[in-house]
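Chemist: Before I ask anything, here is the structure I am working with.
The values are calculated or read from the model by the stated rules, or taken from the named source; none is laboratory data. Quick caveat, the model's predicted, so the values are computed rather than measured. Note: ideal-geometry Cβ built from the backbone for every residue, glycine included; neighbour counts use all protein chains shown. Quick note on the areas: whole protein, heavy atoms, side chains included, nothing else; ligands and nucleic acids left out. Shrake-Rupley method; radii C 1.70, N 1.55, O 1.52, S 1.80 Å.
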Amino acid sequence: MTGMELKKMMIKQKGWLVILSMILLKIFLFVSAGYESNPVIEHNTDGYKYYMDLYGGKLTGKTEEALKSEYRVMNSARSILRDLQQDYQNGNLTESEYREKSDGFYEKLKNRSVFNIVYNQYYYAKEDPANRYLLDVRGWDTLLSGEGTDIALMLCILILSVPVFGNEYETEMDYLLLSSRRGKYRAAAVKLFLSMFVGAMFSCFFTLIEYMYLAFSVGLPSGSFPLKSLEYFQTSPYTISLNGAFILVLLLRAGGAVLFAEIISLVSILSKKSIVALFISSSLVVFPYFLQDSIKYYLPLPSGLLSGTGYLWGTSYTVAYNEQWEMVKKIRFHGINIKNFRLIMAAFVLEAVLLFGYCMKKYSRFSIRRRFGKKAAVSVLGVFILCISAMGLTGCGKKDGGDELFTFNVTKGMTYGETSGYAVSLDATASRITAVNEKTGEEIVLTRNPFGAEGRIPSIFVRDGFCYYLMQEEGGFRIFRIGMNRFDEKLVYNNVKENQADFFGLLKRDTDLDVFKNYNVHSFFLNGDYIYYINYDGELIRIDRERGRESVVTRDVQTGYSVSYYNGDIYYVDTQYRLSRFSGENGQVKPVGSIYTDSFLIRGKKIEYKDLLMKNQTKYYNLEPSGGQN
Amino acid sequence: MRLVYYEIRKNFFRKYLILIFFTFLLLNILTIYGNYRLGAVTEISTDTAGMKAGYQNLHNKLDGKITVNKVKFVIEEESRLNALTADNTYSRSYQPDTYTGYLFGDYYLIRKYFYQPMQYAALYTSNMEEILKKAEDNTGFYEKYGNNPQKMKNRFILNHYGGRKITDFYNMRPWESLLDYDFSDFLILFLVILGLVPLYVNEKESRMEYLIRTSKGGRFDMSAAKLLASALYILFLVTTFSMENYSGYRTFCGLFGGALPLYALETYQNTPFNCSTLSFYLLFICFKLLGVLVFAFLVCCFSRVSYRVIYPYMAGVLTLAAGVYISGYATSVESGKSMLALFSPLTLLKSQELLKELHGFTMGTIFGLDIFLALALQAVLLILLILFVTEGNKLLLLFWKKKNSISGEGRERQ
């Protein structure tokens, strides 16, 4: 009989097609949402992993000391390098001594931004070293910190479970079934078990999809570390491991799916109409997501269980002010303590058993009153009242930009450039770009939006009849292009998250976190294939214009010092004051000769630089293949 | 007309539908009340009793026409309290002769709820004049350099943003919140799916369709009658929920200043519309009605081609999710994405987003607002859907005849 029911569900009602499309939808939604992270880690994942390999795990006196000394070194690295360079310049150090002494600091400076994140994690861990370990939190945060609605899973369970009973009623098969030998109780039990089993199986499968994707993309390391290692769980009452938490969530969700399948069956049996069953079941599961705080975890509905994670969070707070205008803590989420959790779970089990019995009773039209002659008939309302009271007990295109062959000196070019007979300059403090006609002397303002600019303009890039400008906004930046002929404006690149859909309040976005996702752009330039930008963390980042993908080229740029683009290559001053070159052809970064400088300029085919070793004398480096200094 | 009445009675006078409709009405009003109590409309509702009393007193005193005396009073109070609280040495104990009971409370109250909004209203005209000056400058500039789209855009600003003035002072936050409130849309869309999914499927499931097709008027009139009945159902849903929203906000939060222009709402300061806030709300309901109607007819189409309730339901929910997601791009700076959003009927449910700032397009020598493009696109979509549902009948009938004649032949041979 089970085989027959399964065949009906999967083959006749095209269940396999629904499952396949829902799995695809799930993968698409989960992959497109991405994982929790921030640009600093994303720009230097190797650095983050390196520190996690080094300091990850339980905080010991040794690691604490190492972290502190690294912090001191990070803070003083820049001035030490400056001093070393001065000594070298004054002849107190030989080149090999300078190299030997400065190399370590130079390497360290490359990772300073990501180290700050690790250091913040250390600060969190040191408050309770026994329960808070250091680890790469990105994957686990994504897996355990959200409580989003899994629309694919809900639709999957809904569409598979509704016809199990609904179809029999709509085709009036129920009369036939009820009159047959096994059709009364056994068929109902098989149908119910099948819905519950399929629901539980797919809920586990969908959660495993999340796990697998994260394990392969960002990694889910150190699963044996305590749950409280994640800041989100700092007040959690559980002292279990991350793996333990994941298994618990998996089980909770499976339980939620079982309950959901039962509710769908009950509504189908009571209403005898698929549309009503579809509608009421989806309403019952979706509406609790609109509720604030932890209310949905107490409701006798499957939504709390399907989220699962909220049962593990502790109480979380937000800042508020009292009458005296003093800052006070205000509870944002009331955590569920272990005792309440057990009571809730017991109530859910009771609810599941009662729902099962009630479904059986209603389907088989079994009357307790008739059979036993007692006034013990339990109505639907009765079941729900019982469950609710049980819960109550528990408490609460072809790109422009042309070819690659041109020279661009960033330091000067980020605020000034000439093209098409105009001298274009940027007033970065007022975010105002002006162009002066070189023939007539007429001054034209290029930022002409009558309603005012939406963001800050830190840098421009002028070339080939266009003035490009970068508009820094919250959560990203946009690059626009103004044609110097007709002064028309076009968007060239945008990485600000554009979609405003919150699904009528179902998707709750933590906008506070966007503040940390700042890009801090210092300057930018572009050619036909790539956009390059330098940020205040000393990173030079390349964006593929076709795919929009970012990659960090190097992270040893002295931000604010000279940087130049020359025919596809980028020259810059690194943190050891060496002139370095990024080759656009093979993607490698190498120092140019043994030039030490803090300021240079490319003129024609030569680099004009200030030689730090020769008392700041101006010298030249030939950029032609032969190279050479003079 | 009788057919329409029968369709309405058959499809919408169902017990469960009526029960859910009233449950949703209750849920909607509770949500509005909840939002009000949680401070999502005006933060003052979560504040202390003293703050609330002070707030009410000052509003009673200052609401209405903005006069020199009122402006002077607010400025003087703000600077007096600012001076008192600036050095952090003010008394933190209860003060009987204050608005809220506490000095800092007074300062916060005046500054946040009176000084800043009044400043916005009083300075609006001069700020707008500056914008107009820039737009005028731009028009000449772009004309000189032959940049037609920009010229048209700036000319539009010149023509539509001139002569603006905010004459009265009221708390306009409830209006902003009412225009942004979209939970009722969610309920309406749910009711649309619930009501319209069985529209055709029911007849197929009960094999009534054969009977209907053989009757005199059944071949062509039924779809028209069904669509008309659905349209009336949508009209009823949208107006009922909109009226409930309006009266809910009016009762709980107070909707004053409906006659003030739309730009009196701070988030709409650069709106291209000059109409009054109340008339904008009515217009907004009309936009919403068109959006829901297109979505509803789409659900009708799903019901039309399906033999089982479950598929149009699933298609309806997925279309709803996809439509909401796409409409999230309505105000995107990327023209491709914002254009795509205009194709989603659900963009019309969030049409206020398109009107908070100037969102437009240029075609030849015309500068038009995105909202009008969205309306035109949705109107075309609506006509196509009506054609599909009504005329599609003929196609389906042809198909049905052919199929029947084949099976008929088969039977004869047996």
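Chemist: Out of the residues in the stretch B:110-146 that are among the small types (Gly, Ala, Ser), part of a helix (DSSP H, G or I) and within 12 Å of another protein chain (Cβ to nearest Cβ), state the one that is nearest to the chain's Cα centre (by Cα). Let's see the steps before the verdict.
Modeler: We begin by selecting, within the stretch B:110-146, every residue among the small types (Gly, Ala, Ser); these are B:121-122, B:126, B:135, B:140, B:146.
Next cut, part of a helix (DSSP H, G or I) only: B:121-122, B:126, B:135, B:140.
When the remaining residues are screened for being within 12 Å of another protein chain (Cβ to nearest Cβ), the result is B:135, B:140.
Working: B:Ala135: 29, B:Gly140: 36 Å.
Per the criteria, the residue is B:Ala135.
Chemist: Still on this structure: Hey, among the residues in the stretch A:391-419 that are of a type in the set (Lys, Arg) and at pLDDT below 55, which one's surrounded by the fewest Cβ atoms within 10 Å (Cβ to Cβ)?
Modeler: Among residues in the stretch A:391-419 that are of a type in the set (Lys, Arg) and at pLDDT below 55, the one surrounded by the fewest Cβ atoms within 10 Å (Cβ to Cβ) is A:Lys398.
Chemist: Can you confirm whether B:Ile18 is within 14 Å of chain A (Cβ to nearest Cβ), closer than 30 Å to B:Leu187 by Cα, open to solvent by less than 40 Å² (accessible area, probe 1.4 Å) and assigned to a helix (DSSP H, G or I)?
Modeler: Details: within 14 Å of chain A (Cβ to nearest Cβ): yes; closer than 30 Å to B:Leu187 by Cα: yes; open to solvent by less than 40 Å² (accessible area, probe 1.4 Å): no; assigned to a helix (DSSP H, G or I): yes.
No.
Chemist: Same structure, new question: Every residue in the stretch A:55-64 that is under 12 Å from A:Tyr119 (Cα atoms) and either out of contact with any helix residue (DSSP H, G or I) (no Cβ under 7 Å at 6 or more places or on another chain) or of a type in the set (Lys, Arg) (or both), please.
Modeler: Matches in the stretch A:55-64: A:Gly56, A:Glu64.
Chemist: Take the residues in the stretch A:145-156 that are modelled with pLDDT under 85 and assigned to a helix (DSSP H, G or I), then tell me which one is nearest to A:Ser282 (Cα to Cα).
Modeler: A:Ile151
Chemist: Run down B:Ser93, B:Ser79 and say which single residue is out of contact with any strand residue (DSSP E or B) (no Cβ under 9 Å at 6 or more places or on another chain) and either within 13 Å of another protein chain (Cβ to nearest Cβ) or within 30 Å of A:Glu442 (Cα to Cα) (or both).
Modeler: B:Ser93
Chemist: Determine whether the stretch B:197-219 contains at least one residue that is within 30 Å of B:Leu349 (Cα to Cα), more than 9 Å from every other protein chain (Cβ to nearest Cβ) and at pLDDT 90 or above.
Modeler: no
Chemist: Another question, if that's okay. Are there any strands (runs of 3 or more DSSP E) wholly within the stretch A:404-513 with 1 or more residues that are out of contact with any Cys (no Cβ under 7 Å at 6 or more places or on another chain) and within 12 Å of chain B (Cβ to nearest Cβ), and if so which? Show your work before the answer.
Modeler: On the way: elements: A:407-409, A:416-419, A:422-427, A:432-437, A:443-445, A:456-463, A:466-473, A:476-483, A:489-494.
Those strands (runs of 3 or more DSSP E) span A:422-427, A:432-437, A:443-445, A:466-473, A:476-483, A:489-494.
Chemist: Here is a follow-up. Condition test on B:Ile66, is it under 18 Å from B:Arg173 (Cα atoms), more than 14 Å from chain A (Cβ to nearest Cβ) and of a type in the set (Val, Ile, Thr)?
Modeler: Values: under 18 Å from B:Arg173 (Cα atoms): yes; more than 14 Å from chain A (Cβ to nearest Cβ): yes; of a type in the set (Val, Ile, Thr): yes.
In short, yes.
Chemist: Counting only residues that are open to solvent by 20 Å² or more (accessible area, probe 1.4 Å) and within 15 Å of A:Val410 (Cβ to Cβ), how many does the stretch A:585-607 have?
Modeler: So the count comes out to 4.
Chemist: With respect to B:Ile234, is the statement that it is modelled with pLDDT of 90 or more, within 14 Å of another protein chain (Cβ to nearest Cβ) and buried (at least 19 other Cβ atoms within 10 Å of the Cβ) true?
Modeler: On the way: modelled with pLDDT of 90 or more: yes; within 14 Å of another protein chain (Cβ to nearest Cβ): no; buried (at least 19 other Cβ atoms within 10 Å of the Cβ): yes.
No, not satisfied.
Chemist: Given the structure, is A:Ala66 open to solvent by less than 20 Å² (accessible area, probe 1.4 Å) and either farther than 30 Å from A:Glu210 by Cα or not in a helix (DSSP H, G or I) (or both)?
Modeler: no
Chemist: Only one residue in A:Glu443, A:Glu473 is surrounded by 15 or more Cβ atoms within 10 Å (Cβ to Cβ) and of a type outside the set (Ser, Thr, Tyr), so which one is that?
Modeler: On inspection, the qualifying residue turns out to be A:Glu473.
Chemist: Could you check B:Phe273 against (1) part of a loop (DSSP other than H, G, I, E, B); (2) of a type outside the set (D, E, K, R); (3) within 14 Å of another protein chain (Cβ to nearest Cβ); (4) touching a Leu at 6+ places or on another chain (Cβ under 6 Å) and say which number it fails?
Modeler: Status for B:Phe273: all satisfied but (3).
Chemist: Take the residues in the stretch A:271-307 that are within 21 Å of A:Leu143 (Cα to Cα) and of a type in the set (Ser, Thr, Tyr), then tell me which one is nearest to the other protein chains (Cβ to nearest Cβ).
Modeler: Among them, the one singled out is A:Tyr289.
Chemist: If I ask for residues that are charged (D, E, K, R) and within 13 Å of chain A (Cβ to nearest Cβ), which ones from the stretch B:147-177 would you list?
Modeler: B:Lys151, B:Lys153, B:Arg155 - these are the residues of the stretch B:147-177 that are charged (D, E, K, R) and within 13 Å of chain A (Cβ to nearest Cβ).
Chemist: OK, next. Does B:Cys300 meet the test of being modelled with pLDDT of 90 or more and under 23 Å from B:Gly360 (Cβ atoms)?
Modeler: no
Chemist: Check every one of the strands (runs of 3 or more DSSP E) wholly within the stretch A:514-568 and list those with 3 or more residues that are open to solvent by 60 Å² or more (accessible area, probe 1.4 Å).
Modeler: none
Chemist: For residues that are assigned to a helix (DSSP H, G or I) and hydrophobic (A, V, I, L, M, F, W, C), scanning just the stretch A:117-142, find the one that is surrounded by the most Cβ atoms within 10 Å (Cβ to Cβ).
Modeler: Looking at the filtered set, the residue picked out is A:Trp140.
Chemist: While we're on this one: If a residue has to be part of a helix (DSSP H, G or I) and aliphatic (A, V, I, L, M) to count, how many in the stretch A:82-112 make the cut?
Modeler: Here the count works out to 2.
Chemist: For the structure I just gave you, tell me whether B:Lys70 is of a type outside the set (Phe, Trp, Tyr), part of a helix (DSSP H, G or I) and more than 24 Å from B:Gly163 (Cα to Cα).
Modeler: Numbers: of a type outside the set (Phe, Trp, Tyr): yes; part of a helix (DSSP H, G or I): yes; more than 24 Å from B:Gly163 (Cα to Cα): no.
No: the conditions fail for B:Lys70.
Chemist: I've got another one for you. Quick one: is B:Ala135 surrounded by 15 or more Cβ atoms within 10 Å (Cβ to Cβ) and out of contact with any Lys or Arg (no Cβ under 9 Å at 6 or more places or on another chain)? I'd like the intermediate steps shown before the answer.
Modeler: Numbers: surrounded by 15 or more Cβ atoms within 10 Å (Cβ to Cβ): yes; out of contact with any Lys or Arg (no Cβ under 9 Å at 6 or more places or on another chain): no.
Taking the combined requirement at face value, the residue does not satisfy it.
Chemist: To continue, here is another question. Would you pick out the residues in the stretch B:342-366 that are within 11 Å of chain A (Cβ to nearest Cβ) and either buried (at least 23 other Cβ atoms within 10 Å of the Cβ) or part of a loop (DSSP other than H, G, I, E, B) (or both)?
Modeler: Across the stretch B:342-366, the qualifying residues are B:Ser344, B:Leu346, B:Thr347, B:Leu349, B:Lys350, B:Glu357, B:Leu358.
Chemist: Okay, moving on. Kindly indicate whether B:Leu84 is buried (at least 20 other Cβ atoms within 10 Å of the Cβ) and more than 9 Å from chain A (Cβ to nearest Cβ).
Modeler: So B:Leu84 does not fit the description; no.
Chemist: Here's a follow-up. Looking at the stretch B:318-335, which of its residues are over 26 Å from A:Ala453 (Cα atoms) and part of a loop (DSSP other than H, G, I, E, B)?
Modeler: Passing the criteria: none in range.
Chemist: Within the stretch B:49-63, which residues are basic (Lys, Arg) and within 14 Å of chain A (Cβ to nearest Cβ)?
Modeler: Within the stretch B:49-63, B:Lys52 is the sole residue that qualifies.
Chemist: Given the structure, is B:Ile75 on the phi < 0 side of the Ramachandran plot, surrounded by fewer than 17 Cβ atoms within 10 Å (Cβ to Cβ), of a type in the set (Val, Ile, Thr) and in a helix (DSSP H, G or I)?
Modeler: Yes; evaluated as a whole, the condition is true for this residue.
Chemist: Return the total of residues in the stretch B:327-341 being open to solvent by 20 Å² or more (accessible area, probe 1.4 Å) and at the interface with chain A (Cβ under 8 Å from one of its Cβ atoms).
Modeler: The total comes to 6.
Chemist: Going by the structure shown, is A:Lys26 of a type in the set (D, E, K, R), buried (at least 18 other Cβ atoms within 10 Å of the Cβ) and assigned to a helix (DSSP H, G or I)?
Modeler: Judged against the criteria, A:Lys26 is a match.
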